[in-house]
Amino acid sequence: MNYSIKASELADKIDGVLYGPDIILSGKFTFLNKASLNDIVIRHKINDKGIEIAKNKGVSCLITQNPHDNAIEVAEKLDFTLIVTSHIEYATALALNESVKEFAGDALKIAITGTNGKSTTTHLLYTIFSDLGYNTYTNTDAESEGNTLIDPRVASELAEFYETKGEVEAIALEVSEVQGWDDRIMEDHCYQMMSALQPWAVIITNASMDHINLAGSFENLLYEISGAARTIRDMNKGLLVLNYEDKNIRKMSKIVEDTNSKVLFFGNYNPDNLLDISYKEGVGIYCKDELYVEEKELPFTSAHFIQDIMAALAVVTSLEDIKRKDIIESLRNYKPLARRFIRLKDSPVIIDDFAHNPSGIKLTIENGAKLGNNLFVVDAIRGSRGEDINREIAEALSEVLGDRDNYTLVLTCSVDVVNHLNTVLDSELKIFLDTLDKDNIQYTLIESLEEALINTINQASDDDVILLLGAQGMDPASDLLRKNNIIE
């Protein structure tokens, strides 16, 4: 990298304390297991053994928030440069900013955040720009584990991308709206990550109840999400794309008032209030008053995907050099991320969806119920995520199932597949079941995911629909179905 800085100056930039020699640092930012000579490692926590490994690898500096055991003493003994910061995100944001300037200085940069749909919207943009010939980087994947400032994943991947594929021409960056650990919020995470990117365009998909154990309240959640709009405000330029149907998101247009930024809205078609991008059921997606994509050209027509496609179109239609026919061709051939309303089987219909918060649960059930006669829902309770989110998911299940008489609800703790980070705690299970009991929602609890799946499929007829919902606890479902020869 061309980046070069004294260790003491770097420590000052990230609110850190320097231990060991004050040397000139010029390596790339990366993980300890990927590091090579002169690299700068960012690691949330490190012990004395980790310091020794870094020294033996020739790492020039290690930045951490939590030095354990005798890490500091060993660093000083080995004459090794160690920086301890109280905010690891400061280091990761700096690493991202420097890596973007080095490897993607002239790239078209788009950042996406919100409670639901950010992964699919990001992946749509990545697909469209890739299909159009841009050398495109994205951090999104099926698990959405790279959308945070907890570690230097994006900075490291940008360096790897440059080394293997050349200069980055477009970036579609998914950004977690709220982040933290141990029930402690990483304040202004979205703002910090987007500010480090310096995007041309920002999309905010929506805001609904999630991560309340970190945010503390819905108002705090909205503030964290608004970091995307505040980034565009502070840049005094760029494009802010907002979901008009979400009143809380719509109001964020006021944040960029009196700046040189441009705001675009997407939402439902209304001839008396034409939005920049809008959807008319049975017809297609409009750009202002012009039908831009006919419904038959859309890869999917569930409410999830319509919203995400509109958000992506708001960005790409703003670029004059992109042809409409090329955009439509890319959409027509789009293949979604894993576990995004994926049909695993036709008889009975089995839909796998990463529905992990109340609004996602309701949307998936409302759309999925239309695909069969009787509705079967298998929901993996969220483990080690707190009582609040589990109560809210149970309330969402009650709301969407309460008026139905043809449903079967199966709950699972996925004890056969989850690790200690995703284990359902007794308090989480109790609040979940108590909420359903209060609303007289009938359910069956099966501890094992595999047993829950097989039990449900054995009950369903060929003309029914089975929805597999949940986050980490439901991730292995498709593999278990293949293991039991239920799907290919």
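The values are calculated or read from the model by the stated rules, or taken from the named source; none is laboratory data. Remember, predicted model here, so these are calculated numbers, not experimental data. Counting neighbours? That spans all protein chains shown, and the Cβs are built from the backbone with ideal geometry, glycine included. The area values use the complete protein model at the heavy-atom level, side chains included, leaving out ligands, DNA and RNA. Shrake-Rupley method; radii C 1.70, N 1.55, O 1.52, S 1.80 Å.
Taking Cα centre as origin and charging only the Cβ of basic (Lys, Arg, +1) and acidic (Asp, Glu, -1) residues, the dipole magnitude of segment 354-404 rounds to 180 debye.
Summarised in one figure, the compactness ratio Rg/Rh of segment 342-388, Cα atoms and Kirkwood Rh, is 1.01. Taking the inverse of the mean reciprocal distance over all distinct Cα pairs, the Kirkwood hydrodynamic radius of the chain comes to 23.9 Å. Excluding ligands, DNA and RNA, the accessible surface per residue across the chain is 42 Å² with a 1.4 Å probe. With 0.36 nm allotted per residue and the present C-alpha distance subtracted, the D69-K288 stretch has 72.8 nm of extension available. Subtracting the Cα-Cα distance of N458 and E281 from their residue separation scaled by 0.36 nm leaves 60.2 nm. Computed over the alpha-carbon atoms, segment 294-441 gives an Rg to Rh ratio of 1.05, Rh here being the Kirkwood radius from the mean inverse distance. Our Cα-only numbers for segment 57-106 put the radius of gyration and Dmax at 13.6, 44 Å. First compute the accessible area of segment 69-214 with a 1.4 Å probe, then give the percent of it belonging to carbon and sulfur atoms. Of the solvent-accessible surface of segment 69-214, carbon and sulfur hold 43 percent. Farthest toward the positive end of the dipole of segment 1-68, out of C61, P21, A11, is the Cα of C61, where the dipole comes from beta carbon charges about the Cα centre. Assuming charge only on the beta carbon of Lys and Arg (+1) and of Asp and Glu (-1), the dipole of the chain about its Cα centre is about 920 debye to the nearest 20. Counting every Cα pair in segment 408-488, what percent are over 14 Å apart? Cα-Cα pairs in segment 408-488 separated by more than 14 Å: 66 percent. Along its principal axes, segment 44-203 has C-alpha extents of 53, 36, 24 angstrom, given from the largest down. Taking trypsin sites (Lys or Arg not before Pro) across segment 318-356, the ones in a DSSP loop with at most 12 further Cβ atoms lying within 10 angstrom of their Cβ are K323. For the chain, build the charge dipole from Cβ charges (+1 Lys, Arg; -1 Asp, Glu) around the Cα centre, then report which of L449, Y90, T301 sits farthest towards its positive end. The residue sitting most towards the positive pole is Y90.
Using the alpha carbons alone, the radius of gyration of segment 338-417 stands to its Kirkwood radius in an Rg to Rh ratio of 0.95.
Positive-end ranking of N273, F80, N236 along the dipole of the chain, with charges on Cβ about the Cα centre, is headed by N236.
The lysine pair count for segment 290-427, using Cα distances under 17 Å and pairs eight or more places apart or on different chains, is 5. Sorting the Cα pairs of segment 1-117 by distance into bins of 10 Å, from 0 upward, gives 14, 46, 27, 10, 2 percent per bin. Per-peptide packing, taken as the mean over residues of other Cβ atoms within 10 Å, places 386-392, 255-261 in the sequence 386-392, 255-261 from highest down.
Carbon-plus-sulfur accessible fraction, segment 384-488 (probe radius 1.4 Å, protein heavy atoms only): 43%.
For trypsin sites (Lys or Arg not before Pro), the sites in segment 21-126 that DSSP calls loop and that have at most 16 other Cβ atoms within 10 Å are K34.
A simple spin-label model places pseudo-atoms 7 Å from Cα toward Cβ; at S318 and R250 they are separated by 2.0 nm.
Derived scalar couplings between HN and Hα for segment 125-141 equal 5, 4, 5, 4, 5, 5, 5, 7, x, 6, 7, 10, 10, 9, 9, 8, 8 Hz in order, rounded to whole Hz, by the Karplus curve 6.51 cos²θ - 1.76 cosθ + 1.60 (θ = phi - 60°), x for Gly and Pro.
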